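For reference, the structure is listed below as structure tokens.
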Amino acid sequence: MEVKHQGEWGTVDDLNWSMEEAAVVCRQLGCGGATDAPKRAHFGPGIGPIWFPYIYCKGPESAITECSYPPVKDHRPEGNSRDKDAGAVCSVLEVRLKDGAHNCEGKVEVKRQGEWGTVNDDNWSMEEAQVVCREPKCGAATDAPRGAYFGSGIGPIWFQYIYCNGTESMLTQCSYPPLKDHHPEGLSHDGDAGAVCSDLEVRLNDGTHRCEGRVEVRHQGEWGTVNDHSWSMEEAAVVCRRLGCGGAVDAPKRAKFGPGIGPIWFHYIYCKGQESAITKCSYPTVKDHRPEGHSHGKDAGAVCSALELRLKDGAHPCEGRVEVKHQGEWGTVNDLNWSLEEASVVCRQLGCGTAVDTPKGAKFRPGIGPIWFHYIYCKGPESAITKCSYPTVKDHRPEHHSHEKDAGAVCSGKCCLVEKGNPPQ
């Protein structure tokens, strides 16, 4: 266990070190629950300062800075030695929903130490269910059933309780006591927690075409809007990508496309820009936030630009430098992360068959104009590059990229089925 303080890595003395302290370390690192709390330099003595002579945690804290400890300084002059460096062994947890009508509803089960167990419903609410739904990529939580609604589980009750604020990406980032079988503490499977999730539909409404307008989300069968608090190009980029509308060119606020009606499902959304759907971003519990003082006068919008695609300077239309048309201007793609997966999507979108090569380093000569993509990450089966993951579409040359790293593609076909990269209808 090492801590960086004042730019220098140091260790923690094992005085008072236990499963409670190790649990907080594992949680802070997103590494699941603690399975062991080794003492006496089990993983070998460290070097540098001993920043903590001890740490005292209750176990549910989200970071060691929320625990109790003396002033952080080098405690070696006080007689502490490297032979007492503390350690931790963590276990990343798997999560699933069991015994529901589909994979996105059911009893919440957690796999630890190779064994599936359940979660007690003490403190269980929509915030905790929201995190569960996000972890298996099931969209938003629509219900948080308690009292073994989906039937009583078997095996350990790993969590006595969990406390989440709703924006965490996984359960192990929430607060909870040390993981163990809580049956001996009087808990029974009659209190097993459950979750019902619903993937969200997204659309743009009241624009001049389907790729611009007010952002609307369908939740529990009803269309509602998104408040523009924290709304920016990063969030708009995710909406545009989800709709297959290319990159975001604007992220209007204050109901530019007119105020919507119905619920305001999102108080805010925070995205990094590369996510493939808003359900993979951070957001509070999905509910009608109008009672909290929000009005449709702050509905968020997005303007997208469907991207055209072509291969340039090859021997035929199905090989060459990858070029993308954005905001009326042709530009290129940086070859960071460029591989067969990304080239396969380019070839498929152009109707050029499969990818047989992925030239990098401007093999087909450096392009001109903007470098629209800093990188693209595709799994391979996508039908268009706009359905892959990528940062905000903009000219990335100010970020030290040059056309000497323009990406290319060689496809198995010799002539494309479409012109100018427009997808076949």
| request: Could you grab me the full set of residues in the range 295-331 that are within 26 Å of the chain's Cα centre (by Cα), farther than 30 Å from LYS360 by Cα and surrounded by fewer than 23 Cβ atoms within 10 Å (Cβ to Cβ)? | output: LYS298, VAL303
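Restricting the range 326-368 to residues that are hydrophobic (A, V, I, L, M, F, W, C) and in contact (Cβ under 8 Å) with a residue 60 or more places away in the chain, which is farthest from ASP395 (Cα to Cα)? Walk me through how you get there before you give the answer.
Going residue by residue through the range 326-368, those that are hydrophobic (A, V, I, L, M, F, W, C) are 330, 333, 336, 338, 340, 343, 345-347, 350, 352, 355-356, 362, 364, 368.
After this cut, where a residue has to be in contact (Cβ under 8 Å) with a residue 60 or more places away in the chain as well, the list is 333, 336, 338, 343, 346-347, 350, 352.
Details: VAL333: 10, LEU336: 15, TRP338: 18, ALA343: 21, VAL346: 20, CYS347: 23, LEU350: 23, CYS352: 27 Å.
Among residues in the range 326-368 that are hydrophobic (A, V, I, L, M, F, W, C) and in contact (Cβ under 8 Å) with a residue 60 or more places away in the chain, the one farthest from ASP395 (Cα to Cα) is CYS352.
Kindly evaluate GLY30 against the criterion of being assigned to a loop (DSSP other than H, G, I, E, B) and farther than 30 Å from ARG146 by Cβ.
no
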| In the range 50-74, which residues are surrounded by 15 or more Cβ atoms within 10 Å (Cβ to Cβ) and in a helix (DSSP H, G or I)? | ILE64
| said: Quick check on GLY155: is it over 27 Å from CYS271 (Cα atoms), part of a loop (DSSP other than H, G, I, E, B) and out of contact with any Lys or Arg (no Cβ under 8 Å at 6 or more places or on another chain)? | reply: yes
| message | Looking at the range 187-194, can you tell me whether even one residue there is part of a strand (DSSP E or B) and among the hydrophobic types (A, V, I, L, M, F, W, C)? | response | no
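To keep it simple, each residue is scored yes or no on (1) touching a strand residue (DSSP E or B) at 6+ places or on another chain (Cβ under 9 Å); (2) under 22 Å from ILE157 (Cβ atoms); (3) at pLDDT below 90.
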position: ALA63; (1), (2), (3): no, no, yes
position: TYR69; (1), (2), (3): yes, no, no
position: SER81; (1), (2), (3): yes, no, yes
position: GLY87; (1), (2), (3): yes, no, no
position: SER91; (1), (2), (3): yes, yes, yes
position: VAL95; (1), (2), (3): yes, yes, no
| said: Only one of VAL226, VAL249, VAL238, VAL286 is buried (at least 23 other Cβ atoms within 10 Å of the Cβ), out of contact with any Phe, Trp or Tyr (no Cβ under 7 Å at 6 or more places or on another chain) and among the β-branched types (Val, Ile, Thr). Can you tell me which? | reply: VAL238
| task | Within the range 168-206, track down each residue that is farther than 30 Å from MET19 by Cβ and in contact with a Phe, Trp or Tyr (Cβ under 6 Å, 6 or more places away or on another chain). | result | ASP206
| remark: Checked the range 230-250 for anything touching a helix residue (DSSP H, G or I) at 6+ places or on another chain (Cβ under 9 Å), farther than 15 Å from LYS325 by Cα and aliphatic (A, V, I, L, M); matches are VAL238, VAL239, LEU243
| remark: Considering the range 107-124, residues that are at pLDDT below 95 and within 24 Å of the chain's Cα centre (by Cα), and then whichever is nearest to ARG146 (Cα to Cα), we arrive at VAL110
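Please find, among ILE162, ILE157, the residue that is in contact with a strand residue (DSSP E or B) (Cβ under 6 Å, 6 or more places away or on another chain) and of a type in the set (A, V, I, L, M). If you could, list the steps in order and put the result at the bottom.
Details: ILE162 fails: in contact with a strand residue (DSSP E or B) (Cβ under 6 Å, 6 or more places away or on another chain).
One residue alone meets the criteria, ILE157.
Considering the range 310-340 alone, what residues qualify as being in a loop (DSSP other than H, G, I, E, B) and at pLDDT 90 or above?
GLY314, ALA315, HIS316, PRO317, CYS318, ASP335, LEU336, ASN337, TRP338, SER339, listed by residue number.
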| request: Among the residues of the range 341-363, count how many are part of a loop (DSSP other than H, G, I, E, B) and surrounded by 22 or more Cβ atoms within 10 Å (Cβ to Cβ). | output: 2
| request: Report, by residue number, each residue of the range 261-275 that is within 13 Å of ALA237 (Cβ to Cβ) and buried (at least 17 other Cβ atoms within 10 Å of the Cβ). | output: ILE269, CYS271, GLY273, GLN274, GLU275
| note | In the range 292-309, anything outside any loop (DSSP other than H, G, I, E, B) and either of a type outside the set (Ser, Thr, Tyr) or farther than 30 Å from PRO252 by Cβ (or both) is listed as GLU292, HIS296, GLY297, LYS298, ASP299, GLY301, ALA302, VAL303, CYS304, GLU308, LEU309
| said: Among the numbered criteria (1) buried (at least 17 other Cβ atoms within 10 Å of the Cβ); (2) out of contact with any Leu (no Cβ under 8 Å at 6 or more places or on another chain); (3) over 30 Å from THR11 (Cα atoms), which one does SER175 miss? | reply: (3)
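The values are calculated or read from the model by the stated rules, or taken from the named source; none is laboratory data. These numbers were taken from a predicted model, which means no experiment stands behind them. Reconstructed Cβ throughout: ideal geometry from the backbone, glycine too, with neighbour counts over all protein chains shown.
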